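The values are calculated or read from the model by the stated rules, or taken from the named source; none is laboratory data. Small disclaimer: the values here were computed from a predicted structure and weren't measured. Backbone-built Cβ (ideal geometry, glycine too); neighbour counts: all protein chains shown.
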Amino acid sequence: MGHRHRIVAAIYDQMTEADERAFLGQLRSEIVGLAAGTVIEVGAGTGRNLPHYQAGLVREVKAVEPDPYMRRRAAPRAAAASFPVEFVEGTAEDLPFPSGYADSVVATLVLCSVDQPQQAVREFRRVLRPGGQLLFIEHIRSDDVWRARLQDLVAPVWQRVAANCHPNRPTLTVFRAAGFEVQEKRRVAVGLFPWIPPIVAGLATVMDGMTLTTASAH
Ligand SMILES: C[S@@+](CC[C@H](N)C(=O)[O-])C[C@H]1O[C@@H](n2cnc3c(N)ncnc32)[C@H](O)[C@@H]1O
């Protein structure tokens, strides 16, 4: 799947504005506001998270984003930040940073879109220093049988129209399989489209001595 989506980048902020006002902005403040030190934000998109970092906690943000159209849209938000923000071309599956580089990794609404979620989460673990935190907001596969069926049904079409977004990924399971201990802080049961919820927000840390296992994801 390519990483150049001019139209999606152009309409992304408008398309998500209602959710942003209803709950997403608040979730961003609660979760992204916990980021500290050297931060790698993965799939930073149009830079929606940038106003939600706490300037007093953050040393710098390295914002990884493969789509040049998204990077262009994010530029004004990066320029307005009161801490250094560098947009870096790269992918979640192959983060261009040494092991243990980051105090915090931030991933919001991104694991639905990456090509290889397990590999991406292994990379999150690799680039985090021991004791570092993964901060996430992700929409995931529903526990409700009927909604999960709807998600499976819609997935093939939705992937095509929404820049590879998979509505049915068991992302918390993927975190745990990679050795993360997950603390879910919030779960939202509504969203712009009925196949998107639930949206979960929280933090995850690596448990000492945990080894990687394999988890299946769509
Ligand atoms: C739904 S948008 C979310 C943007 C932003 N994180 C937010 O919360 O608004 C998904 C983003 O992930 C990016 N993306 C897709 N595949 C990726 C990959 N393999 N590695 C890193 N980012 C990726 C897309 O270009 C897009 O900017």
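Only one of the numbered conditions (1) in contact with a strand residue (DSSP E or B) (Cβ under 6 Å, 6 or more places away or on another chain); (2) part of a loop (DSSP other than H, G, I, E, B) is not met by G56, and that is (1).
Within the range 156-169, being surrounded by fewer than 19 Cβ atoms within 10 Å (Cβ to Cβ) and either in a helix (DSSP H, G or I) or away from the ligand (no atom under 16 Å from the Cβ) (or both) holds for P156, V157, Q159, R160, V161.
Specify the residue that is surrounded by the most Cβ atoms within 10 Å (Cβ to Cβ); the eligible residues are those in the range 113-141 that are more than 11 Å from the ligand (Cβ to nearest atom) and in a loop (DSSP other than H, G, I, E, B). For the range 113-141, the residue satisfying everything is I140. Count of the range 71-99 residues, restricted to those that are in contact with a helix residue (DSSP H, G or I) (Cβ under 7 Å, 6 or more places away or on another chain) and not in a strand (DSSP E or B), is 9.
Taking the conditions exactly as written (farther than 22 Å from G2 by Cβ, assigned to a strand (DSSP E or B) and modelled with pLDDT of 95 or more), does R186 satisfy them or not? Yes; evaluated as a whole, the condition is true for this residue.
Within the range 100-112, the residues that satisfy the criterion of being more than 9 Å from the chain's Cα centre (by Cα) and part of a loop (DSSP other than H, G, I, E, B) are G100, Y101.
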